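The values are calculated or read from the model by the stated rules, or taken from the named source; none is laboratory data. Predicted, not measured: the structure shown is a model, and the values here were computed from it. Using ideal geometry, Cβ is built from the backbone for each residue, glycine included, and neighbour counts are taken over all protein chains shown.
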Amino acid sequence: MEKGYPPGHPEILRELTVPIVRSGTCIAILGVGNKTYPYTEEDLEITARFADLAWEIVHRKNTELDLKRSEQEQRSLLL
């Protein structure tokens, strides 16, 4: 595995990363970068809320897909 950024990647001047924590475990990290001026506490709060919302959407979608697969399996057993 190569380290570093791919060719043509812009220089990282600033970054803000927030963990997505569920049941005391970090399950993902969301990061944003290169704001033209320093990040603020408000930026941190907004990014953390966005990260939580994004994870909930992913979790809900995965649950829906699992239910659909389960339903298809059950239907195939009845045929």
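Computed quantities for the displayed model
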quantity	calculated
Every residue from region 18-43 that is of a type in the set (S, T, N, Q) and in contact with a Leu (Cβ under 7 Å, 6 or more places away or on another chain)	Asn34
Residue that is nearest to Ile12 (Cα to Cα), among those in region 48-69 that are among the aliphatic types (A, V, I, L, M) and over 17 Å from the mean Cα position of the chain (by Cα)	Leu65
Residue list for region 18-40, filter: in contact (Cβ under 8 Å) with a residue 12 or more places away in the chain and farther than 15 Å from Leu53 by Cα	Val32, Gly33, Asn34, Lys35, Pro38, Tyr39
Residue tally, condition surrounded by 10 or more Cβ atoms within 10 Å (Cβ to Cβ) and out of contact with any strand residue (DSSP E or B) (no Cβ under 6 Å at 6 or more places or on another chain), over region 14-42	6
Qualifying residue in region 39-47 (condition: in a loop (DSSP other than H, G, I, E, B), modelled with pLDDT of 95 or more and over 20 Å from the mean Cα position of the chain (by Cα))	yes
